[in-house]
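Student: I am attaching a structure below and will ask some questions about it afterwards.
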Ligand SMILES: Cc1cc2nc3c(=O)[nH]c(=O)nc-3n(C[C@H](O)[C@H](O)[C@H](O)COP(=O)(O)OP(=O)(O)OC[C@H]3O[C@@H](n4cnc5c(N)ncnc54)[C@H](O)[C@@H]3O)c2cc1C
């Protein structure tokens, strides 16, 4: 018998209010099980909401430009009886294991962590290839594929625990995206931007330095020196630990073999007892851009600092796009940012983003929300772009365009099927709370297993996978993973956000301390910041926190620790923070919630 079911947004990690960028079906369409219905785009990646059953679309409940969160209905589907299942709620039924466990007795429920990017419909069981029967060139207890922060951490920890470990990396330099073309070079350049801005700001309190002379070659060399120092450090530590590093691109041959191709005609067959896949992700190259033109850049190209374009278009107002915009603006580029969502940094609470948006606008950055690039053409005099949306930029011709709209995992590029490892449609590999894939002796960690795609998540997962591979009885226990945008001001958040609490009906209390009341913040000219803590109304335990202002990325660690320790507002308030510091603002936000603050006057609460 025909039955109507609701297809809902599955568990999409720490994201809420994610914009719908594409509706893939219309009323009356016949769809297969697992077929994509709508495409969502967070600041980190795009994802499709799959149909949990075959049937006919009765009604599409969302349109392009809407923002959705976990559990919202996107499509009503008429199915043929048995396919629908009992609950009609299959859109959320296939959530991966990671993060699904309950909290310890008395503790707050654990928010989902380290999970797959979306809850994929189970791809068909892949049948592994048989062993090659070839003589192995290298044998080891553990092979780690990919030497990013996840991979090298896993390899080093495994070696420390006594496993004979081989680390395979396609590039000569170890460190992956984070060290070579991500976290580290971007922060080296952001520091330079901060110095330029701080010097300009000093004129406000009587110290004028004049216009900075920027030597781009020296700045590039500085960035490369920082990276190189840590490349060397990692190679040295691998040697000290007797981790054998093989240079080349690895792909599975069977469940216990990987072939490493050195790109120069040489291959080596490595036989392993266990494997940790840490092959990471790469920038999403939006179709329709002339990618063969060097004036169109992804974040890796932008970090090369080939020059300072007069007019730079940044496509995507997420963390990476805004960090690079911060660098190029300080170096002298005129910046235009277009973002599809209705706010910068979708996923972060709106009040957090406002001080950043205000400052960027003051600095002359043109921000266009609910807008997208529909065409980009390479011309002799620049990249000509046309736009669609609510806020069309005046400028149409740019010297360079940076496309920063998310990253895609490399799961589809390692012949995982030959090992029997299931890879979802989008290239993510599902793992359990011990980081095991569906093939128990093969683990996966880092960007390749899902959101949030952050280095500190990858390193924690790497350590865990190595410890489990070495026989330790461990599983993922962390409750939260902090996010930081190293913009100016910095924005950092951890745990439950206000937007998420609202969407999920979680009862929270908020303590917000404005930095305008912090003499230290005002002393450095940054009274626009604030610190916000979110508390469970029943237990008074802190469940989330967010900070905007200089050094927010450093300050948020205290909130993460408080959440992990199950701290109550009074625990934070009673912890004596040094004065005068920005860190005091964390204690003061707790005091605001408790009603014990003396650094602000708050009208008395009604009993
Ligand atoms: C511009 C930018 C700034 C960022 N800033 C931050 C930040 O400030 N903080 C933060 O936490 N995160 C940041 N990130 C994200 C962070 O870099 C990633 O989350 C992190 O690098 C993921 O680590 P990983 O080990 O999973 O993978 P990766 O770092 O992607 O490493 C994977 C490695 O595997 C190798 N590999 C892939 N396939 C193969 C193969 N078949 N054979 C052999 N080797 C292979 C790759 O060459 C790579 O070295 C940033 C990213 C970018 C792009």
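Student: Taking 0.36 nm per residue of sequence separation and subtracting the Cα-Cα distance, how much length would be gained by fully extending the chain between residue 160 and residue 3, in nm to one decimal?
Tutor: Extending this stretch completely gives an extra 50.9 nm.
Student: Which of the three applies to region 320-467, rounded, prolate or oblate, going by the alpha-carbon gyration tensor with a ≥ b ≥ c and a/c under 1.5 meaning rounded?
Tutor: Here region 320-467 falls in the prolate category.
Student: Cα convex hull of region 263-305: how many Å³ per residue?
Tutor: 156
Student: So, how do all the Cα-to-Cα distances of region 483-594 break down into 5 Å bins, in percent, from 0 on up?
Tutor: Taking every Cα pair in region 483-594, the percentages come to 2, 14, 25, 26, 19, 10, 3, 1.
Student: Ok, one more. Kindly put 373, 253 in sequence by how many other C-beta atoms sit within 10 Å of each C-beta, fewest to most.
Tutor: 253, 373
Student: Which of rounded, prolate, oblate describes region 419-522, given a ≥ b ≥ c as roots of the alpha-carbon gyration tensor eigenvalues and a/c under 1.5 marking rounded, otherwise prolate only if a/b is larger than b/c?
Tutor: prolate
Student: Starting from 0.36 nm per residue, how many nanometres of slack lie between residue 214 and residue 392 once their C-alpha separation is accounted for?
Tutor: So the extension gain works out to 60.9 nm.
Student: What is the distance in Å between the Cα centres of region 425-473 and region 539-607?
Tutor: 33
Student: Here is a follow-up. Would you compute, from DSSP H runs of 4+ residues alone, the mean residue ellipticity of the chain at 222 nm, taking -39500 (n - 2.57) per run and dividing by the full residue count, rounded to the nearest 500?
Tutor: Here the helix-only value at 222 nm equals -7500 deg cm²/dmol.
Student: What nm distance separates the two modelled labels at residue 127 and residue 575, each placed 7 Å from Cα along Cα→Cβ?
Tutor: 5.6
Student: Let me ask something additional. Taking a virtual spin label 7 Å from the Cα of residue 199 along the C-beta vector, which residues in region 282-326 bring their backbone nitrogen under 18 Å of it?
Tutor: It comes to 308, 326, nothing else.
Student: By counting other Cβ atoms within 10 Å of each Cβ, how are 493, 476, 515 ranked from fewest to most?
Tutor: 476, 515, 493
Student: How many nm separate the modelled label positions at residue 477 and residue 540, each set 7 Å beyond the Cα in the direction of the Cβ?
Tutor: A separation of 2.7 nm, rounded to one decimal place.
Student: For region 215-318, what does the alpha-carbon gyration tensor say about shape, rounded, prolate or oblate, given a ≥ b ≥ c as the root eigenvalues, a/c under 1.5 as rounded, and a/b over b/c as prolate?
Tutor: The shape class here is oblate.
Student: For region 313-405, which semi-axes, largest first and in whole Å, follow from the square roots of 5 times the eigenvalues of its Cα gyration tensor?
Tutor: The three semi-axes for region 313-405 are 21, 15, 11 Å.
Student: While we're looking at this one, here's another question. Starting from the Cα coordinates of the chain, work out the convex hull volume and express it per residue in Å³.
Tutor: For the chain, the hull spanned by Cα atoms encloses 183 Å³ per residue.
Student: Something else about it: Using a simple spin-label model with points 7 Å from Cα along the Cα→Cβ vector, what separation in nm is obtained for residue 242 and residue 134?
Tutor: Rounded to a tenth, the inter-label distance reads 2.8 nm.
Values in this text are rule-based calculations from the coordinates and carry no lab data. Predicted model only: the values in this text are computed from it and were never measured. Don't worry about glycine lacking a Cβ; one is built from the backbone with ideal geometry, like all the others, and counts go over all protein chains shown.
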